[in-house]
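Heads up: the structure comes next, in structure tokens.
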Amino acid sequence: MIIAVDGPAASGKGTIARALAGHFDLPHLDTGLLYRAVGLSVLRHGGDPAHEIDALRACGFSDAMLHDPDIRCEAASKAASVVSAHPAVRTKLLQRQLDFASQPGGAVLDGRDIGTVIAPAADAKLFVTATPDIRAKRRFAQLVGEGSHVAYDHVLTDILDRDARDSGRDAAPLRQADDAVLVDTSAMGIAEAVAEAIRLVETRRT
Ligand code: CDP
């Protein structure tokens with residue numbers, strides 16, 4: 001069974017995807033990590049994420065990069081969102097995601113274009129969302145918990161900028177697939193959102 005989980009930043013899609021993978025005993029790929037690795041790699045080499053050549057060069061990142069703690073930082077998030085708009089970068093990262101999705105037994109993938117581009121024939125597709133304000137509050141709490149000194153307004157602006165870039169780009173924009181089920185987690189805690197996601201996937205299983 002292939003499960004596609006898409007949605008905007010801090011919607012809860014990563015938590016839901018991990019929980020689904022655990023529940024259905026499937027391998028999980030957070031595809032955002034691939035774009036973050038490219039973004040971080042560009043920054044480390046002193047390149048510009050907006051330059052396609054710099055971003056393309058960074059696509060040969062080492063697997064160790066995926067486990068680098070810096071991959072979670074806000075600079076890497078922003079760079080990821082900029083490099084991910086280059087069609088050539090998306091093409092470079094495509095095969096790896098297709099291979100992961102097509103492994104025997106299936107997989108859970110989360111990202112922005114799983115249900116639309118990577119696994120259009122997925123058995124279950126969820127589009128996880130929440131209001132920008134709620135998402136910014138979650139991201140803010142997470143950053144403060146990690147010891148960052150950030151202003152809430154800054155986090156909200158970053159989320160809105162990223163939403164605009166991810167949804168407005170020509171290459172595989174963030175969009176709910178026609179056959180994806182919407183899960184609005186605005187008023188849900190983690191346990192409730194996970195239970196709802198499991199229920200929805202169960203109903204789609206044949
Ligand atoms: O966790 P969060 O939602 O903040 O970000 P992420 O899922 O790690 O993704 C980081 C950035 O990579 C996003 O803002 C997207 O621009 C990009 N991305 C993408 O274009 N396609 C994907 N399948 C996954 C991420």
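The values are calculated or read from the model by the stated rules, or taken from the named source; none is laboratory data. As the structure is a prediction and not an experimental result, all values here were calculated from the model. In this analysis, Cβ positions are derived from the backbone assuming ideal geometry, glycine residues included, and neighbour counts consider all displayed protein chains. These accessible areas exclude ligands, DNA and RNA; they are computed on the full protein's heavy atoms, side chains included. Shrake-Rupley method; radii C 1.70, N 1.55, O 1.52, S 1.80 Å.
List of remarks:
- Counting the residues of region 81-138 that are part of a helix (DSSP H, G or I) and of a type outside the set (S, T, N, Q) gives 25.
- Cross-chain or 6+ apart pairs with Cβ under 6 Å, region 1-23 first and farther than 16 Å from Ser81 by Cα and among the aliphatic types (A, V, I, L, M), then within 10 Å of the ligand (Cβ to nearest atom) and open to solvent by 10 Å² or more (accessible area, probe 1.4 Å): Val5/Lys13
- The sole residue among Leu20, Leu40 that is more than 11 Å from the chain's Cα centre (by Cα), hydrophobic (A, V, I, L, M, F, W, C) and within 12 Å of the ligand (Cβ to nearest atom) is Leu40.
- Considering each residue of region 73-85 in turn, at least one proves to be open to solvent by 30 Å² or more (accessible area, probe 1.4 Å), more than 28 Å from Met1 (Cα to Cα) and without any contact (Cβ under 8 Å) to a residue 40 or more places away in the chain.
- Restricting Ala141, Ala75, Ala107 to those that are over 18 Å from Cys59 (Cα atoms), more than 11 Å from the ligand (Cβ to nearest atom) and in contact with a helix residue (DSSP H, G or I) (Cβ under 9 Å, 6 or more places away or on another chain) reduces the list to Ala107.
- Residue list for region 88-99, filter: touching a helix residue (DSSP H, G or I) at 6+ places or on another chain (Cβ under 9 Å) and either within 11 Å of the ligand (Cβ to nearest atom) or under 19 Å from Leu26 (Cα atoms) (or both): Val89, Arg90, Leu93, Leu94, Arg96, Gln97, Leu98
- Answer residue from region 113-138, given it is among the basic types (Lys, Arg) and in contact with a helix residue (DSSP H, G or I) (Cβ under 6 Å, 6 or more places away or on another chain) and is farthest from the ligand (Cβ to nearest atom) among those: Lys125
- Selection within region 103-130 - on the phi < 0 side of the Ramachandran plot, more than 16 Å from the chain's Cα centre (by Cα) and either open to solvent by less than 10 Å² (accessible area, probe 1.4 Å) or touching a residue at least 60 places away in the same chain (Cβ under 8 Å) (or both): Gln103, Ala121, Ala122, Asp123, Ala124
- Taking residues in region 159-182 that are among the hydroxyl-bearing types (Ser, Thr, Tyr), and partners anywhere that are part of a loop (DSSP other than H, G, I, E, B) and within 10 Å of the ligand (Cβ to nearest atom), the pairs with Cβ atoms closer than 6 Å and at least 6 places apart or on different chains are Ser167/Pro173; Ser167/Leu174.
- Condition met for Ser148 (at pLDDT below 95 and more than 10 Å from the ligand (Cβ to nearest atom)): yes
- Among the residues of region 86-102, those identified as open to solvent by 50 Å² or more (accessible area, probe 1.4 Å) and basic (Lys, Arg) are Lys92, Arg96.
- Complete set of residues in region 34-66 that are closer than 24 Å to Asp158 by Cβ and open to solvent by 30 Å² or more (accessible area, probe 1.4 Å): Arg36, Leu43, Arg44, His45, Gly46, Asp48, Ala50, His51, Glu52, Asp54, Leu66
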